[in-house]
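S.K.: Got a structure for you, written out below as structure tokens; questions coming shortly.
The values are calculated or read from the model by the stated rules, or taken from the named source; none is laboratory data. This structure is a prediction, so every number in the text was calculated from the model and none was measured. Cβ placement follows ideal geometry from the backbone for every residue including glycine, while neighbour counts extend to all protein chains displayed. Only protein heavy atoms, including side chains, enter the accessible area calculation; ligands, DNA and RNA are left aside. Shrake-Rupley method; radii C 1.70, N 1.55, O 1.52, S 1.80 Å.
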Amino acid sequence: MKIYPSVVENIARNAALFPEKTALADSRKSYTYGELWNLILFLYQRLRDLNVTKGSCVVIECTQNADYMACEFAIQLAGGIFVPLEKNASADRTLEIIKDTEAVLYMGKSPAEGCPASVGFTTIDALVSQFDTRGADSLPAEAAAPSFPEGENVAEILFSTGTTGKSKGIVLTHTNDTALAENVICGVSMKPDNVELVPMPLSHSHGLRRTYANLVNGSSVVFADGVTLLKKVFNLMDTYRVTAMDLSPSMLSIIFKLSKDRLGDYAHVLDYIQLGSAPLPEEDKVHLSRILPRTRLYNFYGSTEAGCSCLLDFNSMSGKPGCIGKPARNARFIVVDKDRREIKSSKDNPGFLASSGPINMKGYFKAPQLTDEVTGGGSPYIYTKDLGYIDEEGYIYMLGRKDDVINYGGIKIAPEEIESIAVKYGPVSDCACVPVDDPLTGQAPKLFISLEEGASYDQKDFKNYLAGALDASKQPKYIEITDSIPRTFNGKIKRNLLIEKDRQP
């Protein structure tokens, strides 16, 4: 069995190889690999003083910067378990996770109300400011040679609300993290001097895994706090000479809306862009390929449970709608029927996608029954509800989630097909398509739209626009204006909330 050194061990190695190379940067500061490793060692000593030991959980509120990531690796170096929490999480959610994980320490902006007295508290700034004052010279001699965590030790627990609102804790090991990093490194053909902009939240798997990949590779990561402050994003790209980007489809849509084709100005420096966390509309694929014709454009498929498992460079593989590529280095895919028996799949005989490999999670936190439901009770595979098939060349196609695909009188419609067209209509700021009951066809597509503030909207004109851009069989039967489209942190539509809204009298 292959041994995967932890991400923090890779950082230590890179600090020895090229200490002056930039490792992490944000809008306030940057760290070379040498500086980052010294900071991690310093924080590791302080965390041990705060009772962080092997197997103890530390809940830490995301600040979306280099200091936050240094704290993660210090927690793991001390043998602790990193439990990230999204920015401005509710007091109830914060307290629930602290209690559920029996955390020994909470790191946030302020103490959590109602937190057990046994749980310590500090802030990231309070810890890092001590290092800024005292520096690496304050490190004790024994800090120079700490023991690194073993591969099968738990590295982190990532809590995700998903699209159902239920909180699940995904338990991941150091092997998972490094194997996932390897998938990204090999998948995008990452160069040693890569400088990647990561605006995705560092409290969730997508942004974390791209950061891990660059640090394992010995590359540089630049953090942005989302993309809505676009001038700051482009300033960071210019300052650090960014050569790669990591985006969600919703972030790409924001960039297009706020800056039109400004990304095209970076065509000569952008080696690649990787996108993931939600399906990428075909229209956006085409548009991005047009303004960045020589940039590799990767669409990653995966989940928190088994992420970065399949990818496609859609700038070199046009003409394959619905294709998510081929398995990444540390992943294997099969297609199964409803009873989870492997089948020979095809476009006319799709099934459910399942994947295996060292990237697969250890399990759900304190939820063995739920773990068994997803893994089949000890199977090496993680089974999904994603409908798809594998063609004769080994390319994988995803038709959509079983619960999302609309069966319109026998015609299968992926809601993203309609959404990708509807959102291009000027007055529409966001949209979502869901299946609703229909007495004639069984199901029919219903489109919810939210409008740009102050926009002039004419429904007849909108329907004419859809009629000219979509097949007749894919026209939404119902259209409803709503104040906003419910989404998760990374842009996934909470379709269940819209379906429930439609069913309300």
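S.K.: Given the -39500 (n - 2.57) contribution per DSSP H run of 4+ residues, what per-residue ellipticity at 222 nm results for the chain, rounded to the nearest 500 deg cm²/dmol?
M.R.: Roughly -9500 deg cm²/dmol at 222 nm, from the helical runs in the chain.
S.K.: Please report the spacing between the Cα centers of the range 320-342 and the range 179-220 in Å, no decimals.
M.R.: About 23 Å separates the Cα centre of the range 320-342 from the one of the range 179-220.
S.K.: Same structure again: For the pair residue 499/residue 317, report the inter-label distance in nm, with labels modelled 7 Å from Cα in the Cβ direction.
M.R.: According to this spin-label approximation, the distance is 2.9 nm.
S.K.: Follow-up question, since we're still on this one. Counting only C-alpha contacts under 8 Å and six or more residues apart, can you give the relative contact order of the range 90-132 as a whole percent?
M.R.: 35 percent
S.K.: To two decimal places, what compactness ratio does the range 47-95 give when its Cα radius of gyration is scaled by 2.2 N^0.38 Å?
M.R.: Output field value: 1.15.
S.K.: Here is a follow-up. Using a Förster distance of 56 angstrom, determine the FRET efficiency expected from the C-beta separation of residue 477 and residue 147, and round it to 0.05.
M.R.: 0.35
S.K.: Using only the Cα atoms of the chain, what do you get for the radius of gyration and for Dmax, in Å?
M.R.: So, for the chain, Rg and Dmax equal 23.1, 76 Å respectively.
S.K.: Taking only protein heavy atoms and a 1.4 Å probe, what accessible area per residue, in Å², does the chain have with all protein chains in place?
M.R.: Normalised by residue count, the accessible surface of the chain is 43 Å².
S.K.: Kirkwood hydrodynamic radius, the range 391-505, all distinct C-alpha pairs: what's the number in Å?
M.R.: Hydrodynamic radius (Kirkwood, Cα pairs) of the range 391-505 is 15.0 Å.
S.K.: Can you check what the net charge comes to around residue 244, using other residues whose Cβ is under 15 Å from the Cβ of residue 244 (Lys, Arg +1; Asp, Glu -1)?
M.R.: Counting the neighbours of residue 244, the net charge comes to 0.
S.K.: Right, something else. Report, to the nearest 10°, how far helix 459-469 tilts away from the longest principal axis of the Cα atoms in the chain, using its own Cα long axis and a range of 0 to 90°.
M.R.: It works out to around 90 degrees.
S.K.: Show me the ranking of peptides 107-113, 493-499 by mean Cβ neighbours inside 10 Å, starting with the highest.
M.R.: Highest mean packing first, the order is 493-499, 107-113.
S.K.: If R₀ is 30 angstrom, what is the calculated FRET efficiency for the pair residue 51 and residue 17, using the beta carbon separation as r and rounding to 0.05?
M.R.: 0.35
S.K.: Which order do the peptides 352-360, 51-59 come out in when sorted by mean C-beta neighbours inside 10 angstrom, highest first?
M.R.: 352-360, 51-59
S.K.: Which ³J(HN,Hα) values, rounded to whole Hz and listed in residue order, are derived for the range 75-82 from phi using the Karplus coefficients 6.51, -1.76 and 1.60 in 6.51 cos²θ - 1.76 cosθ + 1.60 with θ = phi - 60°, glycine and proline given as x?
M.R.: Result, rounded to whole Hz: 4, 5, 5, 6, x, x, 10, 7.
S.K.: Which angle from 0 to 90°, rounded to the nearest 10, does the C-alpha axis of helix 91-101 make with the longest principal axis of the chain?
M.R.: The two axes meet at around 60 degrees.
S.K.: Another question, if that's okay. Using a 1.4 angstrom probe on the protein heavy atoms only, could you order 305, 282 from most to least accessible area?
M.R.: Solvent-accessible surface, decreasing: 282, 305.
S.K.: Sequence gap at least 6, Cα distance under 8 Å: using those rules, report the relative contact order of the range 1-109 to the nearest whole percent.
M.R.: 26 percent
S.K.: While we're on this one: Measure off, as a whole percent, the carbon and sulfur share of the 1.4 Å-probe accessible area of the chain, all protein chains present.
M.R.: After summing per-atom areas, the C and S share lands at 50 percent.
S.K.: Rounding to the nearest 20 debye, state how big the charge dipole of the chain is about its Cα centre with +1 on each Lys and Arg Cβ and -1 on each Asp and Glu Cβ.
M.R.: Rounded to the nearest 20 debye, it is 500 debye.
S.K.: Rounded to the nearest 0.05, what FRET efficiency is calculated for residue 367 and residue 87 with R0 set to 22 Å and r the Cβ-Cβ distance?
M.R.: 0.30
S.K.: In whole angstrom, and with the biggest value first, how far do the Cα coordinates of the range 336-447 range along each principal axis?
M.R.: 48, 35, 31
S.K.: What percent do you get for the relative contact order of the range 370-505 when only Cα pairs under 8 Å and 6+ apart count?
M.R.: 18 percent
S.K.: Shifting gears a bit: So between residue 113 and residue 391, what do we pick up on full extension, going 0.36 nm a residue minus the alpha carbon distance?
M.R.: Fully extending the segment from residue 113 to residue 391 adds 94.7 nm.
S.K.: Given the C-alpha atoms of the range 167-290, compute the convex hull and give its volume per residue in Å³.
M.R.: 113 Å³
S.K.: For residue 329 and residue 102 in the same chain, what is the full-extension length gain: residue separation times 0.36 nm, less their Cα-Cα distance, in nm?
M.R.: 78.2 nm
S.K.: What value does the range 200-353 have for Rg/Rh, both radii from Cα atoms and Rh as Kirkwood defines it?
M.R.: Expressed as Rg/Rh, it is 0.99.
S.K.: Related question: Give me the extension gain from residue 341 to residue 467: residue separation times 0.36 nm, minus the current Cα-Cα distance, reported in nm with one decimal.
M.R.: 41.3 nm is the gain from fully extending residue 341 to residue 467.
S.K.: Would you tell me the accessible area of residue 348, worked out with a 1.4 angstrom probe on the heavy atoms of the protein chains, in Å² to the nearest 10?
M.R.: Surface accessible to solvent at residue 348 totals approximately 150 Å².
S.K.: Compute from the Cα atoms of the range 202-262 the Rg and the Dmax, the latter being the longest Cα-Cα distance, and quote both in angstrom.
M.R.: 12.1, 34
S.K.: One quarter of the convex hull surface, Cα atoms only: what value does that give for the range 443-505 in nm²?
M.R.: Result: 5.7 nm².
S.K.: Take the Cα of residue 125, step 7 Å along the line toward its Cβ, and report every residue of the range 43-79 whose backbone nitrogen sits under 13 Å from that point.
M.R.: Within reach of a label on residue 125: 63.
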